[in-house]
Amino acid sequence: MSTSNSCQKQQTKKHRHNEKRHRCNVCNKLFSRPSALQTHMYTHTGEKPFQCPSPGCGKCFAVVSNLRRHSKVHSNTPSPRHRLSAQVRHQFIEQMLLRYQASQHYQEWTQQQQTPTVIH
């Protein structure tokens, strides 16, 4: 078997693998995987089979990844993407400014600014 013939067979196999052959019988949309079709079908049925296991929550989701994302609201660990409120950001900036103003570097810089520069 020649190398080019082997490459053609691999490309054909890969192409068939990505082929969208799972059709929604409601809207005729095509999907490459049966699981993707199943998830899509929930949009037609309104079904939300993935329920949050946290006591007292009861939220349900049609997509399992949405449940995983939601479950983070019940954890005690803050997300690294957690945005700070404007008040907390303002307090943080004020604290950093006060620390900088108390630093040796700032003290030296202010003294230089007050001393007139003599040019010869």
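One table, with the values for the structure above:
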{"item": "Qualifying residue in segment 55-77 (condition: modelled with pLDDT under 90, hydrophobic (A, V, I, L, M, F, W, C) and either surrounded by 12 or more Cβ atoms within 10 Å (Cβ to Cβ) or out of contact with any Cys (no Cβ under 7 Å at 6 or more places or on another chain) (or both))", "result": "yes"}
{"item": "Scan of segment 46-60 for residues that are closer than 13 Å to LYS72 by Cα and either out of contact with any His (no Cβ under 8 Å at 6 or more places or on another chain) or not in a loop (DSSP other than H, G, I, E, B) (or both), ordered by number", "result": "PRO53"}
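The values are calculated or read from the model by the stated rules, or taken from the named source; none is laboratory data. Just so it is clear, the model here is predicted, and its values are computed rather than measured. Methodologically, a virtual Cβ is constructed for each residue, glycine included, from the backbone with ideal geometry; neighbour enumeration extends over all protein chains shown.
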